[in-house]
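Take a look at the structure below.
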Number of protein chains: 2
Amino acid sequence: MKKIEFFFDIISPYSYLAATQVDAFAQKVGVDLEWIPFLIGGVLKETGNRPNIAVPAKGKYLLRDLSRWSAYYQIPLQFPSDFPKSTVLVQRILTALPTEQRSEIAMKFFEAHWVKDEDITQTEILAPIVGQEAIENALTPENKERLKENTAEAIQRGAFGAPTFFIGEEMFWGADRFVLMEEYLQQIK
Amino acid sequence: MKKIEFFFDIISPYSYLAATQVDAFAQKVGVDLEWIPFLIGGVLKETGNRPNIAVPAKGKYLLRDLSRWSAYYQIPLQFPSDFPKSTVLVQRILTALPTEQRSEIAMKFFEAHWVKDEDITQTEILAPIVGQEAIENALTPENKERLKENTAEAIQRGAFGAPTFFIGEEMFWGADRFVLMEEYLQQIK
C-alpha cells in the first residue's frame, strides 16, 4: 500500500499546522501514514537553509500567516513566549516511542509548545504527558543515533525544511501542499 | 470598493503562477485588482532575504514544485535555460504602461520568459510585443524612479518576496495564499 512519510519537528510551526491536518488527509486519500521525528536544526545547518525568522520582515509575516491558518483550520495557536527552544529531548522521546503511539504524543507536545506555551525542554512538563520510562528510553545511545539517522536520511532524500513529506521519493515541503499530494496520489493510482 | 494590489516581477516563477490565477480570483471574489511591477532583486537586497536557488536543495525542489503547480493549473511552464536574467527593462516597460494594459502585456512577458525561453532583456524580443514607443517611455528618468518607488513602497509595507499581495495593509505572500485571501475578504465584508 502507498505510504506518506511525515517528517516533523515540534519546534516548527508549520509542522504543527500540518500535524493537525495530516491524519485526516491520509484517511481521506486512503494511504498509510508514518510520523517520523527529525531535527530541523540539523537540516538547516547541513543544507545552508535558514529559519524564517532570520529575515525580520519574513519573521513578522510568519506571525500573520500562522494566525490566519489557525483561524482557517479552527485550531488554537499561540506563538511561544520563548522561541526557539531546543527540541532535541522531545524529538528523542518521539523517536523512541512505538510508531503507532507517535502521533498522539507528538500532538500533546505540539500543544504544549504551540498552544499552552509550556517549556518543552523540561522533564517536569514532559513526564506527565509521556511517562518517566519513555524519557529514559529516549536517552539511550541507540535512540539518539536513530534520531540523527532520521535527520540524515531526510537530508539525503532532499529535505531542507519542515514539515517534509515523502510519497515514495516524491518530496513535498510545507503545510500547504496537501492539494498537490492529493493530485500526485491520484496520478499514481 | 475593496482592492487587491498584486506586486510581481517577471523573474519570479511564483509571480508567473499567481499571474495566471489572479484575474479569475479577483473576479470570483468581486474585488478590484491592480497589477504593480516591482523589482524583487531590490526587495531581497534590502530585507536580507535570498532567492530559493541560494540553497541547492531548495532550488532542486523548486523545479518539482513548479512543475506540479503547472500541471495542477494546466498552464505551460518551462524553466528558462538562462536564469536568472535582469528584468529591469521589462519591469520598467510595465511600470510605464497605463494600468489597464499591464496584465495583458505582463502575461506576454511572463510567457516569453517562462514558456518560450525567450531573452526578455532584448529589445528585439520586446518590441514586437509592446511596441517601440512603450520601450522609450520606459526609459525616462521619471519612469525609472516610479519603479524604484514601487519597490521601496512594497518593502516599507512589509514585502520580502514575490509575489506579494495587499488587501489594504494585510499582506499575503506567495502564489499559494488565495484561500487565505478569500477567507480574509469574507471577514471584512
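The values are calculated or read from the model by the stated rules, or taken from the named source; none is laboratory data. Keep in mind that what you see is a predicted model, and the values were worked out from it rather than measured. Every residue, glycine as well, gets a Cβ built from its backbone with ideal geometry; the counts of neighbours run over all protein chains shown. Keep in mind that these areas ignore ligands, DNA and RNA; they rest on the heavy atoms of the full protein, side chains included. Shrake-Rupley method; radii C 1.70, N 1.55, O 1.52, S 1.80 Å.
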How would chain B be classified by its alpha-carbon gyration tensor: rounded, prolate or oblate, with rounded meaning a/c under 1.5 and the a/b versus b/c comparison settling the rest?
rounded
In percent, how large is the relative contact order of chain B, given Cα pairs closer than 8 Å and 6 or more residues apart?
34
Accessible surface of the range A:1-99, 1.4 Å probe, proportion on carbon and sulfur as whole %:
52
Per-residue Cβ counts within 10 Å, from other chains only, averaged over A:69-78: what number is that?
1
Using a/c under 1.5 as the rounded threshold, could you call the range A:93-189 rounded, prolate or oblate? The axes a ≥ b ≥ c are square roots of the C-alpha gyration tensor eigenvalues, and prolate needs a/b larger than b/c, oblate otherwise.
prolate
For a quick check of understanding: with a 1.4 angstrom probe and all protein chains in place, what accessible area in square angstrom does B:Trp173 have, to the nearest ten?
80
With -39,500 (n - 2.57) per DSSP H segment of 4 or more residues and division by the full residue count of chain A, the 222 nm estimate, nearest 500 deg cm²/dmol, is -18000 deg cm²/dmol
Return the Rg/Rh value of the protein assembly as shown, two decimal places, where both radii are evaluated on C-alpha atoms and Rh is the Kirkwood radius.
1.01
Using the structure shown, select from A:Lys58/A:Lys85; A:Lys2/A:Lys144; A:Lys85/A:Lys144 the pairs with a Cα to Cα distance greater than 24 angstrom.
A:Lys2/A:Lys144
Stokes-Einstein D for the range A:1-86 (4 °C, 1.567 mPa s, Kirkwood Rh from Cα pairs), in µm²/s, comes to 89
Do any trypsin sites (Lys or Arg not before Pro) in the range B:12-74 lie in a DSSP loop with no more than 14 other beta carbon atoms within 10 Å, and if so, which?
none
Please give the Cα centre distance for the range A:66-82 versus the range A:1-51, rounded to the nearest Å.
18
Nearest to the axis that maps chain A onto chain B: list the chain A residue whose Cβ wins, with the distance in whole angstrom.
A:Asp176, 3
For the range B:48-157, what log10 I(q)/I(0) values come out of the Debye formula at q = 0.18, 0.21 1/Å, with one point per alpha carbon and no solvent?
-1.06, -1.22
For B:Thr20, what accessible surface area do you get with a 1.4 Å probe? Give it in Å², rounded to 10.
40
Here the residues of the range B:1-40 lying in the modelled label zone of B:Gln74, meaning backbone nitrogen under 17 Å from a point 7 Å along Cα-to-Cβ, are B:20-22, B:24-25
Where chain A is the region considered: accessible area per residue in Å², 1.4 Å probe:
46
Defining a contact as two alpha carbons under 8 Å apart and six or more residues distant in sequence, what relative contact order in percent does the range A:60-143 show?
33
Nearest 100 Å² is fine: what is the total accessible surface buried where chains A and B meet, probe 1.4 Å?
2600
Taking a label point 7 Å from Cα toward Cβ, how far is A:Ser67 from its twins in the other copies, in nm, shortest first?
3.9
Can you list the residues of the range A:147-189 whose accessible area drops by at least 30 Å² going from the chain on its own to the full set of protein chains, with a 1.4 Å probe?
A:Phe160, A:Glu170, A:Met171, A:Trp173, A:Asp176, A:Arg177, A:Val179, A:Leu180, A:Glu183
I'd like the antiparallel share, as a percent to the nearest 5, of DSSP beta bridges with both residues in the protein assembly as shown.
55
